[in-house]
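Student: Attaching a single structure in structure tokens format; questions to follow.
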Amino acid sequence: MNIDAVNWKILQCLQENSRMSNTQIAKQVGVSSPAVAERIRKLEDAEIIEGYSTQVSYFETGHQLKAIISVRAFMGRLKPFLEKVITFDEVVNCYRITGNENIVMEVILKNQKHLEQFIDQLITYGETKTQIVLSEVVKNNPITI
């Protein structure tokens, strides 16, 4: 699908606020509201728009820590880990990567004790490296042209 300048403007609006109405988007983009709705439908059908979500503050929900944990899986333990990681409620993002480590996860934890217990579950699969996130410098930066 061709992503023209109008589609990019629509995507920009939706990435800034996915609850923005078609009428509001139309005013910013310079096309009619029905045209916006049709373009959004086509972007969804083409899987350029993968979905819509709500961002929740981990801190305000009682989670004191955000951490980046990398795992270097032991021989024969990567596949079992990949099956297990999807069951961990703490994991908000998980990536299989190249390099010395096999996995990088972004996790949300209640406190240090929770972190310790979580790492104890991971060490049966491989060596871990943990980094505590102090602040988010860039968060959900929109994809642009």
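Student: Place the peptides 134-145, 55-66, 33-44 in order of packing, highest mean first, counting for every residue the other Cβ atoms within 10 Å and averaging per peptide.
Tutor: For the peptides 134-145, 55-66, 33-44, the packing ranking is 33-44, 55-66, 134-145.
Student: Mean residue ellipticity at 222 nm from the helices of the chain, using -39,500 (n - 2.57) per DSSP H segment of n ≥ 4 over the full residue count, to the nearest 500 deg cm²/dmol?
Tutor: Theoretical 222 nm ellipticity from helices: -10500 deg cm²/dmol.
Student: If you take the square roots of the eigenvalues of the alpha-carbon gyration tensor of the range 22-76 and sort them as a ≥ b ≥ c, do you get rounded (a/c under 1.5), prolate (a/b over b/c) or oblate?
Tutor: It is oblate, given that a/c is not under 1.5 and a/b is not larger than b/c.
Student: Rounded, prolate or oblate: which one fits the range 65-132, using the alpha carbon gyration tensor with axes a ≥ b ≥ c (rounded when a/c is under 1.5, else prolate when a/b beats b/c, else oblate)?
Tutor: Prolate shape, in that a/c is at least 1.5 and a/b is the bigger ratio.
Student: Let me ask something additional. Just to confirm my numbers, what's the Cα centroid distance between the range 77-101 and the range 6-69 in Å?
Tutor: 27 Å
Student: What's the extension gain from Ile143 to Ile97 if we count 0.36 nm per residue and subtract their Cα-Cα distance?
Tutor: Additional length available on full extension: 14.4 nm.
Student: Quote the FRET efficiency, to the nearest 0.05, computed for Ile132 versus Gln12 with a Förster distance R0 of 22 Å and r equal to the Cβ-Cβ distance.
Tutor: 0.10
Student: Can you give the convex hull volume per residue for the Cα atoms of the chain, as a whole number of Å³?
Tutor: Given the Cα convex hull of the chain, per-residue volume reads 151 Å³.
Student: Right, next: Please give the peptides 105-118, 12-25 ranked by average Cβ packing (other Cβ atoms within 10 Å per residue), highest first, as a rough proxy for protection.
Tutor: So the peptides 105-118, 12-25, ranked by packing, come out 105-118, 12-25.
Student: Along the range 113-130, what does the Karplus equation 6.51 cos²θ - 1.76 cosθ + 1.60 (θ = phi - 60°) give for ³J(HN,Hα), rounded to whole Hz, x for Gly and Pro?
Tutor: 4, 4, 4, 4, 5, 5, 4, 4, 6, 7, 5, 6, 9, x, 7, 10, 9, 10
Student: Sorted by mean Cβ packing within 10 Å, highest first, what order do the peptides 120-127, 69-76 take?
Tutor: Ranked by mean Cβ neighbours within 10 Å, highest first: 69-76, 120-127.
Student: What number, in nm² with one decimal, is the all-direction average of the projected area of the convex hull of the alpha-carbon atoms of the range 5-45?
Tutor: 2.4 nm²
Student: Under a point-charge model restricted to the Cβ atoms of Lys and Arg (+1) and Asp and Glu (-1), what is the dipole moment magnitude of the chain relative to its Cα centre, in debye to the nearest 20?
Tutor: With Lys and Arg at +1 and Asp and Glu at -1, about 80 debye.
Student: Given R₀ = 30 Å, what would the calculated FRET efficiency be for Glu44 paired with Ile68, taking r from the Cβ atoms and rounding to 0.05?
Tutor: 0.45
Values quoted throughout were computed directly from the atomic coordinates according to the rules given, and no laboratory measurement underlies them. Model, not experiment: these values are computed from the prediction. Ideal geometry is used to build each Cβ from the backbone, glycine not excepted, and the neighbour counts take in all protein chains shown.
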